[in-house]
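See structure below.
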Amino acid sequence: MKDLFQLLKGGNRSSLIAAVVNFILGALKGVVFFFTGNVALFAEMMHSLGDSANQFFVFFGSALSKKSPTQKFPKGFGRLVNLVCLGAVLIVGILAYETIKEGWHHIWNPTASSGFWLSIGVLAIGVVMEGIVFYKAAQEIAHEVGIDHAGLKTIPLAIRNVNRAKPATKLVFMEDFVATFGGVLAIFAIVLAQWTGFHAGEGIASVIIGITMFYVVGRVFLDNARGVIGETDEEMLNHIAYLVLDHPDIIDIERLDVVKEGEFLHVELVAEVNPNHSLAYLDDVRDTLTEQILYQKGVNRVIVSFDEDDGEQEWHHREARPLLS
């Protein structure tokens with residue numbers, strides 16, 4: 001039990017904060033929906049509860065993925081976070097379907113809802129809270145790519161670098177972006193219905209919110225499916241290749257794998273060296289390379305081995321340059 005609590009301390013904080021916030025908002029929206037019957041509010045309730053369940057799963061997955069390798073699982077548990085994300089999107093997919101179905105029904109059978117100011121108030125609170133979580137996730141992405149204190153540029157920076165974020169952080173960022181957009185859309189639909197009597201607009205908003213939820217499901221599913229299979233980080237692969245080839249004792253690279261294992265990178269290197277070097281000397285070279293590669297952002301496991309130089313150039317990524325720190 002003590003080990004479990006230690007692992008949970010290392011879970012993705014953005015996921016935990018988002019899960020708690022969305023659960024509170026989902027419960028609040030559910031109570032107001034019960035009294036008002038507003039279908040746009042129903043869509044936002046389903047969205048918040050779906051996000052909450054999803055992000056709780058992701059938090060636990062990101063924590064358990066940091067468990068140390070065992071004899072039975074020597075490569076560790078890094079990909080567990082990808083498996084959890086794949087399972088979590090099923091929940092959002094089901095709730096997205098229910099949201100679209102309810103909205104479609106309301107489009108063809110529009111009814112007036114009550115509690116205008118109550119609905120607007122709850123949705124406005126939701127937009128503010130989800131917007132704050134969205135901004136926190138943007139800051140986390142900026143931190144993960146090595147750029148802190150970006151100020152007003154944080155959100156554009158996060159959008160440009162979202163594919164470089166950890167799986168859990170990326171999911172929170174995307175879900176709360178859609179949640180904030182959905183809240184604004186729901187407010188617009190309720191105001192439109194109140195002022196014009198176009199009550200089918202609330203159903204249209206519900207359908208649009210459901211579709212955006214499906215978009216997140218698709219993106220997250222594809223990203224984490226690649227993670228489960230084992231995806232190469234091409235940018236870091238070229239970067240590490242440059243560092244290795246810059247070493248004076250490395251003649252060529254026979255094989256280099258840089259594979260994403262959940263939130264971390266595992267590196268396996270087979271380098272070609274002069275066969276006349278002693279074993280003790282090459283052991284020092286291995287230690288130097290291992291330390292240098294482990295120093296790179298996101299790398300937590302390195303295996304370095306050597307082969308004698310065969311006189312042929314096999315690695316052709318010499319144009320790669322180091323990443324900016």
Of those in region 240-270 that are in contact (Cβ under 8 Å) with a residue 12 or more places away in the chain and over 33 Å from the mean Cα position of the chain (by Cα), the residue surrounded by the most Cβ atoms within 10 Å (Cβ to Cβ) is I250
Looking at (1) assigned to a loop (DSSP other than H, G, I, E, B); (2) in contact with a Cys (Cβ under 7 Å, 6 or more places away or on another chain), which is the only condition N276 fails?
(2)
The listed residue being aromatic (F, W, Y), surrounded by 23 or more Cβ atoms within 10 Å (Cβ to Cβ), closer than 30 Å to G61 by Cα and touching a Phe, Trp or Tyr at 6+ places or on another chain (Cβ under 8 Å), out of F177, F173:
F173
Subset of region 51-106 that is of a type in the set (F, W, Y) and not in a helix (DSSP H, G or I) - its residue that is farthest from N12 (Cα to Cα):
F73
Those residues of region 106-133 that are open to solvent by 20 Å² or more (accessible area, probe 1.4 Å), on the phi < 0 side of the Ramachandran plot, in contact with a helix residue (DSSP H, G or I) (Cβ under 7 Å, 6 or more places away or on another chain) and modelled with pLDDT under 85 come to a total of 5
Total residues in region 151-166, condition buried (at least 24 other Cβ atoms within 10 Å of the Cβ) and closer than 20 Å to A88 by Cβ:
1
Condition check: closer than 30 Å to K66 by Cβ, open to solvent by 30 Å² or more (accessible area, probe 1.4 Å) and not aliphatic (A, V, I, L, M). Does E144 satisfy that?
no
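Condition (residue is on the phi < 0 side of the Ramachandran plot, part of a helix (DSSP H, G or I) and at pLDDT 85 or above) applied to region 224-236: is it met by at least one residue?
Yes: region 224-236 contains one or more residues that are on the phi < 0 side of the Ramachandran plot, part of a helix (DSSP H, G or I) and at pLDDT 85 or above.
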Filter region 26-40 for residues that are open to solvent by less than 30 Å² (accessible area, probe 1.4 Å), out of contact with any Leu (no Cβ under 7 Å at 6 or more places or on another chain) and either part of a helix (DSSP H, G or I) or within 18 Å of F177 (Cα to Cα) (or both) and give the result.
G30, V39, A40
Looking at region 279-318, which of the residues that are assigned to a strand (DSSP E or B) and not β-branched (V, I, T) is nearest to G61 (Cα to Cα)?
N300
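The values are calculated or read from the model by the stated rules, or taken from the named source; none is laboratory data. The structure displayed is predicted, hence computed values, not measured ones. Because the Cβ atoms are built from the backbone with ideal geometry, glycine has one as well, and the counts that use them run over all protein chains shown. Note: areas computed on protein heavy atoms with side chains; ligands, DNA, RNA excluded. Shrake-Rupley method; radii C 1.70, N 1.55, O 1.52, S 1.80 Å.
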